[in-house]
């Protein structure tokens, strides 16, 4: 009797063992011309939690398991190199570093695919976004189509007689398709195109293949496609409802909810929730928790959400704000703690940031309106030293805003401490130097006036 019980279990264990082996990838390599002791590998989905690989005596060796083929980051120092990995690859990466360049050579199973990919990436690096943008809009779509069609044809011809992984070939062709689609969708949104026929090219794309998540430009395209569908849905609402707080966020999640493919739907839910937490913190997560509970099931997604939630708790209401030191326009150092006794409205910005500069006049009006009411407006520039004069010229008319800049050596410490993922970012600090809100509304919003009025009436 026992043998009939154990036999299926034994077969299952053999199956699981073989499955794990089939998903394994072996990465080995050498590093020359550098003292670097670490390299790393990461997917494009959770790219800021890389799998670290130790380099010892100029060599490294690592084994990883992947579920599906796709593109990954290979991280060396500050360089991010896109590589292609598929189950069963046994890849050797030889890195030769000089003062000016870093060369990568691939050997072993997966070498032809990755050496081919590096040549393609060099061609793609030559593309100029500004050049494409400078082409008149009516001709731009045709130009993008011809550009990526030529790249795709050249690639097909170059691999025609080679023993190259057909999965890689298929992925790379889709890479060209989605790259073109991403650019066309982006420019369509930027130009506020109302004619739905402009977006007809989307009908020819495969939007329900979960394995395409292994293609980074497919995921970037999805972001823009969701924005298009969102704008389409919002345009059908009356203006009063559309402008209500939180409507846009919920409308976006309802768009994602309608995606057919469960794998893609879960990924989009995860990335959208992640973005909400990064910009609005724990309070933002509460707004969309029902979508998290219903649609985000994979452990890797849920674990990551928990990590960033725990991190956001460090800058949640009541937690002490980092006591940074900034330099004002006269060269004087100012610390945050010197402002204790006042409510502080922090604005992180830069002169090269268009949305930041668009908000600046509203910030000036707000600072004038609340002058003498116990609120200190502080704008913190993260500009490089080369933009110093531009910064001084831009801020010279502000009388009720304390303008500070951060030196390069203290920039990372500041952005890490305040968990700044993008600019503009606004925060509120209380009279004791503790956070009121690490994701405060923008100066142009109606909400910020309500919040400041409530704070000054206490």
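Brief remarks on what is shown
- Residue match in the stretch 141-152 (condition: more than 29 Å from residue 257 (Cα to Cα) and part of a loop (DSSP other than H, G, I, E, B)): no
- The residue pairs whose first member lies in the stretch 340-362 and is at positive phi, whose second member is part of a loop (DSSP other than H, G, I, E, B) and surrounded by 14 or more Cβ atoms within 10 Å (Cβ to Cβ), and whose beta carbons are closer than 7 Å, counting only pairs six or more residues apart or on different chains, are 341/431.
- When 138, 130, 65 are screened for being modelled with pLDDT under 90, in contact with a helix residue (DSSP H, G or I) (Cβ under 8 Å, 6 or more places away or on another chain) and either assigned by TED's automatic domain parsing to the domain that holds residue 197 or exposed (fewer than 14 other Cβ atoms within 10 Å of the Cβ) (or both), only 65 passes.
- Subset of the stretch 320-338 (residues that are surrounded by 12 or more Cβ atoms within 10 Å (Cβ to Cβ) and part of a loop (DSSP other than H, G, I, E, B)): 321, 322, 323, 324, 328, 329
- Cβ pairs under 9 Å, 6+ apart, first in the stretch 290-314 and under 18 Å from residue 439 (Cα atoms), second crowded, with 17+ Cβ neighbours inside 10 Å and modelled with pLDDT of 95 or more: 305/270; 305/273; 305/292; 305/296
- Residue in the stretch 208-230 that is farther than 28 Å from residue 85 by Cα and either touching a strand residue (DSSP E or B) at 6+ places or on another chain (Cβ under 6 Å) or without any contact (Cβ under 8 Å) to a residue 12 or more places away in the chain (or both) present: no
- Flag if residue 81 is at pLDDT below 95, touching a strand residue (DSSP E or B) at 6+ places or on another chain (Cβ under 7 Å) and under 30 Å from residue 227 (Cα atoms): yes
- Unique match (being in the same structural domain as residue 428 (by TED's automatic domain parsing), surrounded by fewer than 19 Cβ atoms within 10 Å (Cβ to Cβ) and in contact with a strand residue (DSSP E or B) (Cβ under 6 Å, 6 or more places away or on another chain)) among 392, 342: 342
- Failed item in (1) at pLDDT below 90; (2) farther than 28 Å from residue 219 by Cα; (3) in a strand (DSSP E or B), with residue 94 passing the rest: (1)
The values are calculated or read from the model by the stated rules, or taken from the named source; none is laboratory data. Since this is a predicted model, take the numbers as computed values, not measurements. Ideal geometry is used to build each Cβ from the backbone, glycine not excepted, and the neighbour counts take in all protein chains shown.
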